[in-house]
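Written out below as C-alpha cells is the structure these notes cover.
The values are calculated or read from the model by the stated rules, or taken from the named source; none is laboratory data. Bear in mind the structure is a predicted one, so any value in this text is a computation, not a measurement. Please note: Cβ atoms are built from the backbone with ideal geometry, for glycine as well, and neighbour counts cover all protein chains shown. Protein only, heavy atoms only, side chains kept; ligands, DNA and RNA dropped before computing areas. Shrake-Rupley method; radii C 1.70, N 1.55, O 1.52, S 1.80 Å.
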Amino acid sequence: MFTVLTNKTLWGLLLVLLLSTAGVLGSGRSLERGFYRFSVALSSHHSVNPQVAVVAIDDASVKKYGPWPWPRRLLAALVDKLTDAKAQVVALGVDLSAPQNAEALDYLGQLKAVAAAEQAPAIMPADLSAKLDEAQAALSTDAVLAASIARSGHVVLAAPGQRDGGVEDEASSSGHWRFALQTDAPTAPHMVLRVPQAPFLQGARGVGFLDDEGEGSLDIPLLVRSGGQTLPSLGLLTATQEQGNDIDSLSAQGWSGVQLGDTHIPTDRHMQVLLHDAAAPVPIYGFDEVMTGAVQPERLAGKAVLVGRVQSQFPAAVVTSARLVSGLLNGDLVAAPYWVWGVRGLVTLLVGLYLLFLMPRLSLLIGAVVSGFLLIALLNGELVPLLSQSLWVPLALPLSMLVLGHGSVLVMRFVNAHSGVSRGALSEVNRELGLAYQALNRFDQAFSRFKMCLPSKMLCDNLMALGQELERGRRYSQAVEVYEHVQKLAPAYADLEDRLERLRQLNSSPSLAGTSAGAISRAIATGGVQKPMLGRYELVKELGRGAMGVVYLGKDAKIGRQVAIKTMALSDEFDGATLKEAHDRFFREAETAGRMNHPNIVTIYDVGEDQGLAYIAMDFLSGDPLQKYTTSANLLPMGEVVAVVLKIAEALDFAHKHHVVHRDIKPANIMYDRESGRVKITDFGIAALTDLSKTKTGTILGSPLYMSPEQVSGKKVDGRSDLYSLGVSMYQLLRGELPYEAASLTGLLFKIANEPHPDVTFLRPDIPPTVKIVIDRALQKDPDQRFQTGMEMANALRLCLGVRKRSTA
C-alpha cells in the first residue's frame, strides 16, 4: 500500500507531539488557572469554617499605635488577650527572625557594667543603676513576647520565606528544628526561610512556612523543604493544632498527599493544594478592636486565630493561610494529583490526531457533530470532577486546541473551495507540465513542477523516470536530489535506498568529473545505476582506451543497433584558440569521413558532442586490431600480411580521392577478422587532429613511431604520408619490430627524418625481393620517391602476391 505524509502533516504531527509533551510536563499553567477560576465560579460559594478568624494589623491600627514593625510588647499583649479569650490556637504570622532593640540593649549592658565598677559611685549618680535596669526592662520586648508565648502554650510561629529560592537556607540547616516532620517529602518545593529567634521557639507549639511572596496565589504548598528538613505550612500547622493534634500526627505520603492523623489530604506532585476561589471571606478583626474590647472575647473562644499584617491595597499572606485552614477544616480543598498531567498529555495527543487525520476526511456536518461531542466531553471532564469531588483535571489545553484546530480546518476548506481550482486539479496541471518539460530535456524545470504536486504513486513513478534520465545524462547530483525527494514522499519505494547509496558513492568520488571517461566507465560498472547516455546512444561497456580517448560499446536507443563509440574530451587535450580549431576540424573531418562508403573503411553513423565530450558512432567490428600480430611470437603468415596491407592500400586510395587523409595509420587503428578476412580502417576524424601537433602539455599528439618524415618536420602532409605509415606497419607485421626505435622522442624523430631504415630481410631471408622493394619504396624520405597513390601501392602488392603464388606453384 502506497502511503505518503505531506510536509504540512509532518509539521502538524510534530506540533501535536510538542503540545502533548508540554501537557505532561504541566506547561501553560496560566491558561489552566484562568479556566479553573471560570469553573469554580460556576459552583456554589463554600462557607468559611466558623473556627477560623484573622486579627489584622491593619492600617487603622498602624495609624494609632505607630509605624510597623511595632514593639513586640504590643504583640505580647495581643497574645495575652487571645489567651484570656480562650482561643484554641494563635498563629503569629509575623517575622520574628531578628531580635528587636538589640543594639540598644547591648549599650545598656555595657553601661551597667561600668556602673557596677568600684569607681562608679564617685563619678555617677546613686540611682543610675536603677534607671539602667528600668530602661533595659522597657527595651527587652523580645523577652516579654517570649514570656507571653510560653504562658499561652497555644502559639505557633511563622517562618516567612520565598518560593523557589533555588538553594536551601544554611542558617536553617544548622538549627535542627524540633518542629520538623519525621518523614521526608523530596518532591516538596525548596524554600529559603527566616526562622524565629530561639527564645520564641522555646515556648511555641510549632513553626510553619508563610509564603510572603505568594500572597493571593491559588497554589498553596502544605509541606516545604529547607535546611534538610521538611516543615508544614503555617496553615496546615494551625489546622493541626485546631483539631487538637500534634506535629507528630503529620506525615508525607509520597506524591499522593499528606496524612493528618486518620485523614488523607490529596495534593499534586509538589505537595500543593488549590483553594476554592469561590469560598466566602474569612472574618477579619482589627488589632485595635481586639485590644480595646470592641470584639467580644467569646467571638474568639475556641478558634484558630491568625495574626498578621493586612494592608487594604494588597492581599495578605496571613489571610491566604486562614483560607487554607478553613479549607482543611471543611475538607473542601481542590486537589490536582500527579497523574492528571499524564491524562492531560494523552487527551491533547488524541485531539491533535483527530484534527490532523480524521476531521479533514469528514463532511462539514459530521465534523461539526464530532467536534461538538468532544468539546462537551472535555468540558464535563474538567467540570464534573471539580464540582463533585474537588478533583481538578486540567483540560484547557486540549479544549483550546480542539476549538482553534476545528476553526483552522474550516478556514482551509473555505479557502480551497473558493480559490477557483482545487489542490488536486492544480497538482495534476503541474504534473503534466513537468512531463512536458522532461520531454524537452528541461529537467530542472520538470523537477520544479513535480515538487509542486500532491504526493501520489503516479508522481513518484514520474520522479523515478526523471531521475533515470538524469543518470543517463551523468547528472548524478541532480539525480540524487530527485531520488531523495521520492524518499521523502515514499520511503518504502522499491530499491530506492540501494540506488541512492550507489549514486552517492559515484557522485562523491573526487576523480570523477561529469564528462570524464572515468566518470562514464565508473557509471557503467556500477550495478543498479542507469547506463549513461551520450547523445542518443546508451553506453554499455568500455571496449578500449587510447591516447586520444576511450571506445565504448553503445546501443542506438532509436533502432537498437550496436555501435562502437569513440569519445574524446577536446578540452582535456587543447586549450585557447587551439581548442576551437580542434573542435571545428574534428567535426569537419569526421563528417567527411562519414560520407565515405568503402568495404575496408569503418562505417561512421553519427558524430556529435554531448556535455563536453566529442564522439563518433561507428560500426561495431568483430576481430582484433592488427597490433595483436606485431610481436615476433605472434606474426601472421607473409602472404596474409601482404593481402591485408593490399586492402588497406586500396581503402586509403579511396579516402585520398575523396580528399581525406587519415594521418595516423598504424596497426592499432586497423581491425582484422581472420575468419572472414575482413579488414577495416578506423579512427578517421580523430586522426585529423594530428595536424595540431602540440597539446596543452607540449607533447606530440599522435603516434610518432609511425609518422612520416614530413609529418615529423611539421610540414603539410598528403596521402603519401599515410602510405609511409602503412609501410612502417607492414615492416612491423613482417619483422615483429619497428624500423626506428630510440631511447628518447628526440632521438626517434631524428632517425625518422635522417637515417635510412634497416633492411626488412635482415634475419628474414624468406621475405621475397618484390616485398622488400615495396617496403623500401614506401619508406622513402622524399614523398616524391614513394608510391604516389594507394592504388599504385596496391598494384605492387598484387604483383608480390602473384610472384609468391607462382613460386609456390
- Query: For segment 236-251, does any single residue satisfy the condition of being more than 26 Å from VAL55 (Cβ to Cβ) and open to solvent by less than 10 Å² (accessible area, probe 1.4 Å)?
  - Reply: no
- Item | Residue count, segment 355-398 (criterion: touching a residue at least 40 places away in the same chain (Cβ under 8 Å) and within 30 Å of ARG269 (Cα to Cα)) | 13
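Okay, residues lined up against (1) free of Cβ contacts under 8 Å to residues at least 24 places away in the same chain; (2) among the hydrophobic types (A, V, I, L, M, F, W, C); (3) touching a Cys at 6+ places or on another chain (Cβ under 6 Å); (4) under 19 Å from GLU650 (Cα atoms):
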residue	(1), (2), (3), (4)
LEU748	no, yes, no, no
ARG764	no, no, no, no
THR770	no, no, yes, yes
ILE775	no, yes, no, yes
ALA778	no, yes, no, yes
- Kindly indicate whether any position in segment 288-295 is open to solvent by 30 Å² or more (accessible area, probe 1.4 Å), aliphatic (A, V, I, L, M) and over 21 Å from VAL155 (Cα atoms). yes
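Can you name the residue in segment 614-624 that is in a strand (DSSP E or B) and more than 16 Å from HIS662 (Cβ to Cβ) and is also most open to solvent (accessible area, probe 1.4 Å) among such residues?
At the first step, the residues of segment 614-624 found to be in a strand (DSSP E or B) are 614-619, 624.
Going one step further and asking which of them are more than 16 Å from HIS662 (Cβ to Cβ), we end up with 614-615, 617, 619, 624.
On the way: ALA614: 1, TYR615: 14, ALA617: 0, ASP619: 36, ASP624: 56 Å².
Within segment 614-624, the match that is most open to solvent (accessible area, probe 1.4 Å) is ASP624.
Considering every residue within segment 574-595, establish whether at least one is modelled with pLDDT of 90 or more, of a type in the set (Val, Ile, Thr) and farther than 23 Å from ARG720 by Cα.
Within segment 574-595, not a single residue is modelled with pLDDT of 90 or more, of a type in the set (Val, Ile, Thr) and farther than 23 Å from ARG720 by Cα.
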- Item | Neighbours by Cβ (under 6 Å, 6+ apart or cross-chain): first from segment 632-652, of a type in the set (Asp, Glu); second surrounded by fewer than 22 Cβ atoms within 10 Å (Cβ to Cβ) | GLU650/ALA794
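Of these, LEU5, LEU74, LEU31, which one is open to solvent by 40 Å² or more (accessible area, probe 1.4 Å), part of a helix (DSSP H, G or I) and at pLDDT below 75? If you could, list the steps in order and put the result at the bottom.
Values: LEU5 fails: part of a helix (DSSP H, G or I); LEU74 fails: at pLDDT below 75.
Just a single option satisfies the conditions, and that option is LEU31.
Any idea which residue in segment 702-728 is surrounded by the fewest Cβ atoms within 10 Å (Cβ to Cβ), counting only those that are charged (D, E, K, R) and part of a helix (DSSP H, G or I)?
Here is the first cut: in segment 702-728, the residues charged (D, E, K, R) are 710, 715-716, 718, 720, 722.
Add one more test, that the residue is part of a helix (DSSP H, G or I), and what stays is 710, 720, 722.
Numbers: GLU710: 18, ARG720: 24, ASP722: 29.
This residue is GLU710.
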- Query: Between residues in segment 609-628 that are among the polar types (S, T, N, Q) and residues that are modelled with pLDDT of 85 or more, which pairs lie under 7 Å by C-beta distance while being six or more apart or on different chains?
  - Reply: SER622/ASP673; GLN627/PRO667; GLN627/ALA668
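For VAL307, state whether it is crowded, with 17+ Cβ neighbours inside 10 Å and over 27 Å from SER390 (Cβ atoms).
Details: crowded, with 17+ Cβ neighbours inside 10 Å: yes; over 27 Å from SER390 (Cβ atoms): yes.
Taking the combined requirement at face value, the residue satisfies it.
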- Message: Cβ-Cβ distance below 8 Å, separation of 6 or more or different chains: which pairs start in segment 181-207 with a residue that is of a type in the set (Gly, Ala, Ser) and end on one that is surrounded by fewer than 17 Cβ atoms within 10 Å (Cβ to Cβ)?
- Response: GLY203/ALA147; GLY203/ALA150; GLY203/ARG151; GLY203/GLY153
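Conditions (1) open to solvent by 30 Å² or more (accessible area, probe 1.4 Å); (2) within 21 Å of SER632 (Cβ to Cβ), marked per residue:
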| position | (1), (2) |
| --- | --- |
| GLU737 | yes, yes |
| THR746 | yes, no |
| ASP759 | yes, yes |
| PRO769 | yes, no |
| ARG777 | yes, no |
| THR789 | yes, no |
| ALA796 | no, no |
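Return yes or no: is VAL370 touching a Leu at 6+ places or on another chain (Cβ under 7 Å), open to solvent by 20 Å² or more (accessible area, probe 1.4 Å) and of a type in the set (Val, Ile, Thr)?
Numbers: touching a Leu at 6+ places or on another chain (Cβ under 7 Å): yes; open to solvent by 20 Å² or more (accessible area, probe 1.4 Å): yes; of a type in the set (Val, Ile, Thr): yes.
Yes; evaluated as a whole, the condition is true for this residue.
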- With a cut-off of at least 1 residues that are under 16 Å from ALA158 (Cα atoms), name the strands (runs of 3 or more DSSP E) lying wholly within segment 227-274. 229-232
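Do we find that ALA322 is at pLDDT 90 or above and not in a loop (DSSP other than H, G, I, E, B) in this structure? Spell out the reasoning first.
Numbers: at pLDDT 90 or above: yes; not in a loop (DSSP other than H, G, I, E, B): yes.
Answer is yes for this residue.
Out of the residues in segment 165-218 that are polar (S, T, N, Q) and modelled with pLDDT under 85, state the one that is most open to solvent (accessible area, probe 1.4 Å).
Step one: filter segment 165-218 for residues polar (S, T, N, Q), giving 172-174, 182-183, 187, 197, 202, 217.
Of the ones still in play, those that are also modelled with pLDDT under 85 are 172-174, 182-183, 187, 217.
Details: SER172: 3, SER173: 38, SER174: 85, GLN182: 155, THR183: 52, THR187: 34, SER217: 36 Å².
Among those that are polar (S, T, N, Q) and modelled with pLDDT under 85, it is GLN182.
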- Item | Filtered residues of segment 35-57 (kept if at pLDDT 90 or above and either in a strand (DSSP E or B) or crowded, with 20+ Cβ neighbours inside 10 Å (or both)) | ASN49, VAL52, ALA53, VAL54, VAL55, ALA56, ILE57
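Against the definition (modelled with pLDDT under 90, in contact with a Lys or Arg (Cβ under 7 Å, 6 or more places away or on another chain) and either open to solvent by 10 Å² or more (accessible area, probe 1.4 Å) or not hydroxyl-bearing (Ser, Thr, Tyr) (or both)), how does LEU260 come out, yes or no?
Working: modelled with pLDDT under 90: yes; in contact with a Lys or Arg (Cβ under 7 Å, 6 or more places away or on another chain): no; either open to solvent by 10 Å² or more (accessible area, probe 1.4 Å) or not hydroxyl-bearing (Ser, Thr, Tyr) (or both): yes.
It is false that LEU260 is modelled with pLDDT under 90, in contact with a Lys or Arg (Cβ under 7 Å, 6 or more places away or on another chain) and either open to solvent by 10 Å² or more (accessible area, probe 1.4 Å) or not hydroxyl-bearing (Ser, Thr, Tyr) (or both).
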- Those residues of segment 493-508 which are surrounded by fewer than 17 Cβ atoms within 10 Å (Cβ to Cβ) and outside any helix (DSSP H, G or I) amount to ALA494, ASP495
- Please state which of the following conditions GLN627 fails to meet, knowing it meets all the rest: (1) part of a loop (DSSP other than H, G, I, E, B); (2) out of contact with any strand residue (DSSP E or B) (no Cβ under 8 Å at 6 or more places or on another chain). (1)
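Is it true that LEU646 is under 30 Å from THR770 (Cα atoms), in a helix (DSSP H, G or I) and touching a Leu at 6+ places or on another chain (Cβ under 7 Å)?
Yes, satisfied.
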- Query: For segment 470-492, does any single residue satisfy the condition of being open to solvent by less than 60 Å² (accessible area, probe 1.4 Å), free of Cβ contacts under 8 Å to residues at least 12 places away in the same chain and out of contact with any helix residue (DSSP H, G or I) (no Cβ under 6 Å at 6 or more places or on another chain)?
  - Reply: no
- Query: In this structure, is ASN441 open to solvent by 60 Å² or more (accessible area, probe 1.4 Å) and closer than 30 Å to GLY331 by Cα?
  - Reply: no
- Looking at (1) under 27 Å from the mean Cα position of the chain (by Cα); (2) surrounded by fewer than 15 Cβ atoms within 10 Å (Cβ to Cβ); (3) within 26 Å of PRO532 (Cα to Cα), can you tell me which one MET452 breaks? (3)
- Message: I'd like to check which helices (runs of 4 or more DSSP H) are fully inside segment 367-456 and have at least 1 residues that are modelled with pLDDT under 85 and of a type in the set (D, E, K, R).
- Response: 396-417, 423-439
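This table checks each residue for (1) crowded, with 22+ Cβ neighbours inside 10 Å; (2) of a type in the set (A, V, I, L, M).
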site: GLY560; (1), (2): no, no
site: ILE565; (1), (2): yes, yes
site: SER571; (1), (2): no, no
site: GLY594; (1), (2): no, no
site: HIS598; (1), (2): no, no
site: GLU609; (1), (2): no, no
site: GLY612; (1), (2): no, no
site: LYS628; (1), (2): no, no
site: LEU636; (1), (2): no, yes
